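**Q** Dumping the structure here so I can ask a few things about it.
The values are calculated or read from the model by the stated rules, or taken from the named source; none is laboratory data. The structure displayed is predicted, hence computed values, not measured ones. Backbone-built Cβ (ideal geometry, glycine too); neighbour counts: all protein chains shown.
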Amino acid sequence: MIWKTLFGILMALSFTFIFKMVMFLDYHKTQWNHRPGKCHIVERIEHGSEDMQTTQSGLTFITSGVNAVFFGSVYQEYYKKNNVRGRIMLFNMQKPEDGVKELRIVGNDFNHQDFVPHGISVFEDKGKVLLFVVVHRAEEDTVEKFEFLEKTLELKYLKTYTGALVHILNDVVATGPDTFYTTDYAYYRNSLGHLLEGMLGFHFGHILYYDGKEFEIVSDATYFPNGIAGSNDGKLVYVASSLGKMLMVYKREENNRLTKVNNIELDTFPDNPMVNPTTGDVLLGCQPIGYKGLQHLFNPVNPGASQVLVLYMDESGVNMTGVTELFSDDLELYVSSSVALYKNRMLIGTVCHKMMYCEVNTL
């Protein structure tokens, strides 16, 4: 009798787990494709536009060719077969007809060998445009700083930041010419450990702050902190937890530590947040169908789904008052990861696929 009881309990737990996974990976969802206006694929980006950020004048800097040691073997084979390499691209929102241009990196001390850019942040300082870029190197992750030389379309390498607290970085947001927050996304630097860390729900991620001299942990442990952005007034920090399906809102303290003030739960996998410079609302590049996203990241030839959400924030910037799905597509754009909005023009980036430009007529 006891064996029947144990068997029944085991079956109940198994069905509960399976049901939760089916719901978590969005097998129950139907996606309706729509756009905010005329859209088209931007030429010359075929293997990702994972993150991007726009200056006040409309210059958008884009990271392309993301890869890391924790990506699986099939992804690595695809990466090598297609000769994908890490690049930083430029798109001028004021002249969208010009398309994208690759920026050449200059500097005698710069290591070109295993340059794989991921998250990016722009800091405009006394007429200079500084770029902070998360880079996955073969042996370690770093944040690397560049100065944009507009006349020659070059990036002048300035500095590399790394330290003992750095494991796997994802994104960065600059707070000054030599200070920034960065998301220490996960702990394990191999595909199996990375997978188990996610499936078992380990909270091994943190947000780090570089104060000009060293890194320090400034948040409680959290679950896979991904994209990060600062509010327009600099008082808040928004962090997406992709596997947690939420946007976390943090208050910046005087010592630059972060105190969580809200969790905004989302029925999607958010990647990189972008704060509307005019309204303070948060735009998110998202992956709305989980299992399609996993299939695509396992092998980029598999189709995926894309989505852009606008989270309308109250005056404090802490609470969401409403949400709009600005874009949805699973035919042309696979696994959206980032978004840049400049006036009524928008770019939508992907992890390892193409990039789309849209005219926005619905905001």
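**Q** Kindly indicate the residue of segment 107-143 that is among the basic types (K, R) and in a loop (DSSP other than H, G, I, E, B) and also nearest to R87 (Cα to Cα) among those meeting that condition.
**A** R137
**Q** Checking N92 against (1) surrounded by 13 or more Cβ atoms within 10 Å (Cβ to Cβ); (2) at pLDDT below 90; (3) more than 23 Å from S242 (Cα to Cα), only one condition comes out false. Which one?
**A** (2)
**Q** Oh, and also: Give the residue, chosen from V323, V318, V339, V351, that is hydrophobic (A, V, I, L, M, F, W, C), in contact (Cβ under 8 Å) with a residue 12 or more places away in the chain and touching a His at 6+ places or on another chain (Cβ under 8 Å).
**A** V351
**Q** Can I ask one more? Give the residues of segment 69-120 that are basic (K, R) and more than 22 Å from the chain's Cα centre (by Cα), sorted by residue number. Break it down stepwise before answering.
**A** The initial filter retains those residues of segment 69-120 that are basic (K, R), namely 80-81, 85, 87, 95, 101, 104.
Scanning segment 69-120 gives K80, K81, K95, R104.
**Q** Taking F132 as the residue in question, decide whether it is more than 22 Å from H47 (Cα to Cα) and buried (at least 20 other Cβ atoms within 10 Å of the Cβ).
**A** no
**Q** Write out, first by first residue and then by second, each pair whose Cβ atoms fall under 8 Å of each other, whose residues are 6+ apart or on separate chains, and whose first residue, in segment 187-214, is among the small types (G, A, S) while the second is assigned to a helix (DSSP H, G or I).
**A** Cβ pairs passing all conditions: S191/S73.
**Q** While we're here: Out of the residues in segment 95-106 that are part of a loop (DSSP other than H, G, I, E, B) and out of contact with any strand residue (DSSP E or B) (no Cβ under 6 Å at 6 or more places or on another chain), state the one that is surrounded by the most Cβ atoms within 10 Å (Cβ to Cβ).
**A** Only one residue fits best here, namely G99.
**Q** Could you tell me how many of the residues in segment 242-254 are more than 17 Å from the chain's Cα centre (by Cα), surrounded by fewer than 21 Cβ atoms within 10 Å (Cβ to Cβ) and modelled with pLDDT of 95 or more?
**A** 3
**Q** Moving on. I need every pair where a residue in segment 48-70 that is at pLDDT 95 or above and buried (at least 20 other Cβ atoms within 10 Å of the Cβ) has its Cβ under 8 Å from the Cβ of a residue that is among the acidic types (D, E) and in a strand (DSSP E or B), sequence separation at least 6 or different chains.
**A** Note: pairs meeting the criteria are D51/D171; I62/D51; T63/D51.
**Q** So which residues in segment 144-172 are assigned to a strand (DSSP E or B), among the polar types (S, T, N, Q) and surrounded by fewer than 21 Cβ atoms within 10 Å (Cβ to Cβ)?
**A** T160
**Q** Which residues, taken from segment 182-200, are among the aliphatic types (A, V, I, L, M) and in a helix (DSSP H, G or I)?
**A** Answer for segment 182-200, where residues must be among the aliphatic types (A, V, I, L, M) and in a helix (DSSP H, G or I): L192, L195, L196, M199.
**Q** Looking only at segment 198-216, how many residues end up being modelled with pLDDT of 75 or more and under 19 Å from the mean Cα position of the chain (by Cα)?
**A** Selection size over segment 198-216: 7.
**Q** With segment 216-274 as the region, which strands (runs of 3 or more DSSP E) entirely inside it contain at least 2 residues that are among the hydrophobic types (A, V, I, L, M, F, W, C) and free of Cβ contacts under 8 Å to residues at least 40 places away in the same chain?
**A** Per the criteria, 246-252.
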